[in-house]
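Reading through the structure tokens given below for one structure.
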Amino acid sequence: TDQKPVEITVTTATLDGEGQKADCALKIHRLKQPEKAQRPRLGGYRRYPVRRAGKKAEPKPDPSDPNSWELGEVVAEEGFTTDSGGKATKTFKLAPGPYRAVLSTQDRFGKKVTALLPLTVLDPDGKTLPVKIPNLVAAPKWSVEPGEEFMALWGTGYEKGRAFVEIEHRRKPVQAFWTELGATQQPVKQAVTEAMRGGFTLRVTMVRENRAYLTSRQIDVPWSNKKLTVAWEHFVSKLEPGQKETWTAVISGPDAKRAVAEMVAALYDQSLDAYLPHHWTSGFGVFRRDSSNLSSRFENMLKRLSHLHGNWPSHTKDATMTYR
């Protein structure tokens, strides 16, 4: 969001993941947007070029996909060197809108290396989405704790548009409303209580120009109040030889408070991991995870005319002759 600087982390490494120090040049371009939002193709966007007659055909730009928009003016630029581990972090203050960060460097053989990073900066308090895309549903995080407020942002790049927003918990509607008339961007807020542990569902429905934009997201409210941590204390008396070792399990719950729990202990030989690693159970999945039994589908979709043999339907008559 525009409320704080955008932080970009750069990593330069070899192909096997070993960090390498490198000189880098980073430019952030504002993207050239189409004049108005464009609906996506029914058949989807073909990202991979098709080879015809030995030539590599470039994919046509898709005005509904920001990743295919052309680079515009440079709004920020900086040169720097990553540290010995190949790490660097840079921050930039950017206004709301779509951007693409372009990083240029070269390997030890002098070959140029380029990396691209799409960026979208939003103003949660604004009434207009600054990106010319048909539909957007975004959130700072999709996992919240009780006592916090969940916040998501809906928006459309059309000059006018509305969406129907629903929040469902335990198969019952908590909220259901149309977005504000005249606004093309609106926050969706929900106070999260203890009763919502296990999560809830956010659904956003928008139809425009014979396209349906159907978003359904599960918001996680974890059972963090049920999580126990086990630590071991080890004691060996050194006053006499051959003394027994004392192992004590210290079990604590949230906020490191000691908790009482039943447990099963097992002897384990770590050397056997060289043959077959042992994967201990990390959770039991006994706590409810909320889900919705409602699903949305839009019937206006791409259909292909086909036949059993790949042609138009043909009328045939069985002329098989059999005899004894």
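The values are calculated or read from the model by the stated rules, or taken from the named source; none is laboratory data. Model, not experiment: these values are computed from the prediction. Using ideal geometry, Cβ is built from the backbone for each residue, glycine included, and neighbour counts are taken over all protein chains shown. Only protein heavy atoms, including side chains, enter the accessible area calculation; ligands, DNA and RNA are left aside. Shrake-Rupley method; radii C 1.70, N 1.55, O 1.52, S 1.80 Å.
Between the stretch 72-102 and the stretch 191-224, what's the alpha-carbon centroid distance in Å?
33
Within the set LYS27/LYS127; LYS60/LYS141; LYS27/LYS141; LYS60/LYS303, which residue pairs have Cα atoms separated by over 32 Å?
LYS60/LYS141
What trypsin sites (Lys or Arg not before Pro) does the stretch 68-124 have in DSSP loop regions with at most 14 other beta carbons within 10 Å?
LYS93, ARG108, LYS111
Rounded, prolate or oblate, given the Cα gyration tensor of the stretch 199-324, with a/c below 1.5 counting as rounded?
Because a/c hits 1.5 or more and a/b fails to exceed b/c, the stretch 199-324 counts as oblate.
Over the residues of the stretch 212-256, compute the C-alpha Rg and express it relative to 2.2 N^0.38 Å.
This ratio for the stretch 212-256 stands at 2.39.
Pick from ALA231, ALA265, ALA152 the residue whose mean-square fluctuation is largest in a GNM of the chain, springs joining Cα atoms under 10 Å.
Taking springs between Cα atoms under 10 Å, the residue moving most is ALA265.
What is the Cα centroid distance between the stretch 1-40 and the stretch 133-170, reported in whole angstrom?
Cα centroid to Cα centroid, the span is 25 Å.
Rg to Rh ratio, the chain, alpha-carbon atoms and Kirkwood radius?
Ratio value, two decimals: 1.10.
Place a +1 charge on the Cβ of each Lys and Arg in the chain and a -1 charge on the Cβ of each Asp and Glu, then give the dipole magnitude about the Cα centre in debye, rounded to the nearest 20.
1780
Could you name the aspartates and glutamates in cross-link range of LYS112, using Cα to Cα under 20 Å and dropping any fewer than eight places away on the same chain?
Those aspartates and glutamates meeting the cut-off are ASP16, GLU18, ASP23, GLU77, GLU78, ASP83.
Which listed residue (ILE219, PRO66, PHE284) has the Cα farthest towards the positive end of the charge dipole for the chain, taking +1 on Lys and Arg C-beta and -1 on Asp and Glu C-beta about the Cα centre?
It is PRO66.
Give me the 1.4 Å probe accessible area per residue for the chain, excluding ligands and nucleic acids, in Å².
Ligands and nucleic acids excluded, the result is 74 Å² per residue.
Rounded to the nearest 0.05, what FRET efficiency do LYS227 and GLU149 give with R0 = 22 Å and r taken as the Cβ-Cβ distance? Could you check?
0.50
Apply the a/c threshold of 1.5 to the C-alpha gyration tensor of the stretch 56-156 and tell me whether it is rounded, prolate or oblate.
In terms of gyration-tensor shape, oblate.
Among 204-213, 12-21, 153-162, what's the highest-first ranking by average C-beta atoms within 10 angstrom per residue?
Most protected by this proxy first, the peptides run 153-162, 204-213, 12-21.
Mind checking the dipole of the stretch 98-228: about its Cα centre, +1 per Lys or Arg Cβ, -1 per Asp or Glu Cβ, Debye to the nearest 20?
In total the dipole reaches around 480 debye.
With +1 on each Lys and Arg Cβ and -1 on each Asp and Glu Cβ, how big is the dipole of the stretch 70-116 about its Cα centre, in debye rounded to the nearest 20?
Dipole magnitude for the stretch 70-116 comes out near 200 debye.
According to the square roots a ≥ b ≥ c of the eigenvalues of the Cα gyration tensor, what is the shape class of the stretch 107-221, taking rounded for a/c under 1.5, prolate for a/b larger than b/c otherwise, and oblate for the remainder?
It comes out oblate by the Cα gyration axes.
Kindly write out, for the stretch 134-144 in residue order, the coupling ³J(HN,Hα) from the Karplus curve 6.51 cos²θ - 1.76 cosθ + 1.60 (θ = phi - 60°), rounded to whole Hz, with x marking Gly and Pro.
Residue by residue, the stretch 134-144 yields x, 8, 9, 10, 9, 8, x, 7, 10, 9, 10 Hz.
Using a Förster distance of 45 angstrom, determine the FRET efficiency expected from the C-beta separation of PHE164 and HIS234, and round it to 0.05.
Calculated value: 0.15.
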